[in-house]
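Here's the structure, in structure tokens; my notes come after.
The values are calculated or read from the model by the stated rules, or taken from the named source; none is laboratory data. Quick caveat, the model's predicted, so the values are computed rather than measured. We place every Cβ from the backbone using ideal geometry, glycine too, and count neighbours over all the protein chains shown.
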Amino acid sequence: MIDQALRILKDVFGYDAFRGNQARIIERVASGGDALVLMPTGGGKSLCYQVPALLREGLTVVVSPLIALMEDQVATLEELGVPAAALNSTISPEAQRDIAYRLEQGEIRLLYLAPERLVQPRMLSFLQRLNKVALFAIDEAHCVSQWGHDFRPEYLQLGQLAELFPEVPRIALTATADMRTREEIVQRLYLQDAEQFLSSFDRPNIFYRIVPKEQPRKQLLAFLAQHRGDAGIVYCMSRKKVEEVADYLSSQGFPALPYHAGLSNELRAFNQKRFLNEEGLIMVATIAFGMGIDKPNVRFVAHLDLPKSLEAYYQETGRAGRDGLPSDAWMAYGLQDVLLLRQMMQSSEGDERHKRVERHKLEAMLALCEEIRCRRQVLLAYFDEELPEPCGHCDNCVDGVETWDATEPARQALSAIYRSGQRYGVGHLIDILLGRENDKIRSLGHQRLAVFGLGKARTEDEWRTLFRQLVARGLADVDLDGFGGLRLTEACRPLLRGEVRIELRRDAKPQRARGSSAGPSAASQLVRAEERQQWESLRALRRQLAEEHGVPPYVIFPDATLLEMLRGQPRTLQEMSRISGIGARKLERYGQAFLDVLNDAPTAPEPVADMRHEVVTLVRAGMTPAQIARQLSCSEKNVYSMLAEAIGKQQVSLEQALELPEDLLGEIQDAFLEEDGALPPAAALSGRFSGQVPEGVLYCVRAALMAELAE
Ligand code: ADP
Ligand code: ZN
């Protein structure tokens, strides 16, 4: 049987081998057994029932909770040449009759249904009469759990399938792995005899990075600059912030759309549809955006605010990289996040027990942020999965983490809280530590505190980081009865009494280039600069075909397939057929068109205009010309001349572009202006300033002067 399954895998889906548990699951289900499949997002659940559907005689009924998902799946199957249909509320009565007719004729292999539709008595008796059901697949099976977030009462009624169709095997699938949900699925769907297939929940293609929040927007820009042209999600906590960030990104030349519960249904649906159908859009969203996002080529998920738990973090970041290609999970987190969430949690409704659980979840999330070990190991350990070795694919593994003995300064910080009466915010506490005699300090007499000025050896930023870490560790807390100042907790006593020491993570040095805190990422290497042109041509063809067929681009070919074409450079249809993701049907339909693109497009240099745009973005994000040159793999001189041009067009200011000491800048300007009449060319001055600044700096200064003089 497995030979046959492999043939279907190759001929229909165009893949060479099964992944993980797929083969075992397919064997079990195709031979008539029940199965419960727990597999992470992107693990390849669909094939677990689609291949058996083609191996078994008759109709496979797939229960799925979301209309958008069903339509996607049906479109994907039809593109593969597999007759499939979906019945849902958006379908006209005529179309429904047509589907019923085709079902009776045995023409349809997979039928997608919403659960409420399936359990209608009319539907059930129709299927019984049909007497051809080969398999039931229950997708998103965790929706049966009342404890989960996605509970759907209709799912409870799916239990009756066991009784009504005792001969028909059932497979339930979910990406939610916890014990309790698993037990509930078994119980409520009567899957006691189902074999359970539990996969690792690791998402190896996701690169995790968590950076301290300094200037979040700039940091975000620098991160996004590595993802030009990629689709991704930026999560924010509030609707207001979603709107602001979406506007900001648009103004910076990134195509961004807002998504939150405050938008009208139509607009939300519209934005979601665009996100799925177009390429390279960024969705800025609250967590209202999520379930039902099956877009496989989401290349990054960025968090500008802290999720409430590791469960939420795992789920939200997990929307990246379903297609298995390198993807990034990036988060900026700071003191305000911690304070805000702590505050929200303490003031939330609900009983004490519930709050305690929430608090624990937040602690775990905070601990991950301040973690010094491999992030993936810690994340998986939280879900009871052991990763024996550090992953080598997260910021901590790649950059290494420095720690330092923070016992002394931590005591000073705690003592500043205590001595000032446990009621002031971090700003004031830092003023005390740094010995700043401002009005507020004087009026409170805080200049007389023993800790006043004790912390001068550290910068304001360092103190801020320290306070964040103290709060994150639960040594200090927000005072809700007062004005939200900091107060001590029980947990800090041993430290204050000198019984324990404290070891903290050292934040990566906040260099001028916040670019560095965007860090190297997984996905930025997806397509190399010299490949970009052909990659874009392949994508353009895909987009055109997708429009003609009225489906999202990834339904024509997933990114992985395009990438393999790009790297493999097939010359003939036969070579094309060896590429993963190209089955017989797609080869016949699209093979030649893609071959044409591959064969006639010489790899030309990247259009300069794009590059200039990128330079502007990066410099606005705070990167230096040298760093930009590295990022774009071009010469520094080139970067300077593009910068000069941007300065001339007043797209960036001289201050943004360069970091020059004021007097040196003045000196250069004077040199240009020395002679009356036209400005001398930069080259004329390069001898004079050689050794002090690169010649490119002169281009920029000159361009700025020209622009000024022209006004
Ligand atoms: P899930 O439903 O578990 O999130 P999907 O079924 O959507 O995952 O599969 C994720 C991606 O992986 C899809 O693009 C799918 O085509 C691809 N895929 C699944 N199984 C294989 C395989 N055996 N070989 C190659 N690609 C696969
Ligand atoms: Zn790691």
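Every residue in the stretch 27-61 that is closer than 16 Å to Phe13 by Cβ and either more than 10 Å from ligand 1 (Cβ to nearest atom) or not assigned by TED's automatic domain parsing to the domain that holds Leu161 (or both), please.
Step one: list which residues in the stretch 27-61 are closer than 16 Å to Phe13 by Cβ, which gives 30, 42-55, 60.
Scanning the stretch 27-61 gives Ala30, Pro52, Ala53, Leu54, Leu55, Thr60.
Exactly one residue among Ala30, Ala35 is more than 16 Å from ligand 2 (Cβ to nearest atom) and touching a Pro at 6+ places or on another chain (Cβ under 6 Å), and that residue is Ala30. Evaluated against (1) among the aliphatic types (A, V, I, L, M); (2) at pLDDT below 95; (3) under 25 Å from Ala194 (Cβ atoms), Ala137 falls short on exactly one condition, (2). So in the stretch 164-184, with the set limited to residues that are modelled with pLDDT under 95 and in contact with a Phe, Trp or Tyr (Cβ under 9 Å, 6 or more places away or on another chain), which one is nearest to ligand 1 (Cβ to nearest atom)? Restricting to residues being modelled with pLDDT under 95 and in contact with a Phe, Trp or Tyr (Cβ under 9 Å, 6 or more places away or on another chain), the top hit is Ala175.
Exactly one residue out of Gln315, Gln272 is surrounded by fewer than 24 Cβ atoms within 10 Å (Cβ to Cβ) and either within 16 Å of ligand 2 (Cβ to nearest atom) or touching a residue at least 60 places away in the same chain (Cβ under 8 Å) (or both): that is Gln272. Counting only helices (runs of 4 or more DSSP H) wholly contained in the stretch 386-445, no element carries 1 or more residues that are touching a helix residue (DSSP H, G or I) at 6+ places or on another chain (Cβ under 6 Å), within 16 Å of ligand 2 (Cβ to nearest atom) and touching a residue at least 40 places away in the same chain (Cβ under 8 Å). Of the residues making up the stretch 326-343, those that are part of a strand (DSSP E or B) and polar (S, T, N, Q) number 1. Does Arg19 count as assigned by TED's automatic domain parsing to the domain that holds Glu78, without any contact (Cβ under 8 Å) to a residue 60 or more places away in the chain and away from ligand 2 (no atom under 16 Å from the Cβ)? Yes, satisfied. Hey, any hits in the stretch 348-358 for a residue that's buried (at least 18 other Cβ atoms within 10 Å of the Cβ) and either within 20 Å of Leu504 (Cβ to Cβ) or within 16 Å of ligand 1 (Cβ to nearest atom) (or both)? The answer is no, given that none of the residues of the stretch 348-358 is buried (at least 18 other Cβ atoms within 10 Å of the Cβ) and either within 20 Å of Leu504 (Cβ to Cβ) or within 16 Å of ligand 1 (Cβ to nearest atom) (or both).
Looking at this structure, is Glu564 outside any loop (DSSP other than H, G, I, E, B) and within 16 Å of ligand 1 (Cβ to nearest atom)?
Values: outside any loop (DSSP other than H, G, I, E, B): yes; within 16 Å of ligand 1 (Cβ to nearest atom): yes.
Yes: the conditions hold for Glu564.
Sub-6 Å Cβ pairs linking a first residue in the stretch 567-582 that is assigned by TED's automatic domain parsing to the domain that holds Gly14 and free of Cβ contacts under 8 Å to residues at least 24 places away in the same chain to a second residue that is assigned to a helix (DSSP H, G or I) and surrounded by fewer than 17 Cβ atoms within 10 Å (Cβ to Cβ), at least 6 apart or interchain, number zero.
Hey, can you tell me all the residues within the stretch 277-294 that are crowded, with 22+ Cβ neighbours inside 10 Å and either farther than 29 Å from Glu214 by Cβ or not β-branched (Val, Ile, Thr) (or both)? Spell out how you get there, then give the answer.
Residues of the stretch 277-294 crowded, with 22+ Cβ neighbours inside 10 Å: 282-285, 289.
Selection gives Met283, Ala285, Phe289.
Evaluation of Leu69 against the conditions (1) more than 10 Å from ligand 1 (Cβ to nearest atom); (2) closer than 27 Å to Ser580 by Cα; (3) of a type in the set (A, V, I, L, M) shows that the sole unmet condition is (1). For the stretch 138-168, the tally of residues that are among the small types (Gly, Ala, Ser) and farther than 18 Å from Thr181 by Cβ stands at 1. Asp323 passes every criterion in (1) part of a helix (DSSP H, G or I); (2) away from ligand 2 (no atom under 16 Å from the Cβ) apart from (1). Within this structure, Glu370 passes the test of being touching a strand residue (DSSP E or B) at 6+ places or on another chain (Cβ under 7 Å), under 18 Å from Leu470 (Cα atoms) and either at pLDDT below 95 or within 16 Å of ligand 2 (Cβ to nearest atom) (or both).
Listed by position, the strands (runs of 3 or more DSSP E) contained in the stretch 75-158 that have at least 2 residues being among the β-branched types (Val, Ile, Thr) are 133-138.
Check whether at least one residue in the stretch 71-88 is surrounded by fewer than 17 Cβ atoms within 10 Å (Cβ to Cβ), in contact (Cβ under 8 Å) with a residue 40 or more places away in the chain and either more than 32 Å from the chain's Cα centre (by Cα) or outside the structural domain of Asp294 (by TED's automatic domain parsing) (or both), and report yes or no. Checked the stretch 71-88: at least one residue is surrounded by fewer than 17 Cβ atoms within 10 Å (Cβ to Cβ), in contact (Cβ under 8 Å) with a residue 40 or more places away in the chain and either more than 32 Å from the chain's Cα centre (by Cα) or outside the structural domain of Asp294 (by TED's automatic domain parsing) (or both). Only residues that are in a helix (DSSP H, G or I) and of a type in the set (Gly, Ala, Ser) were counted across the stretch 40-74, and they come to 3.
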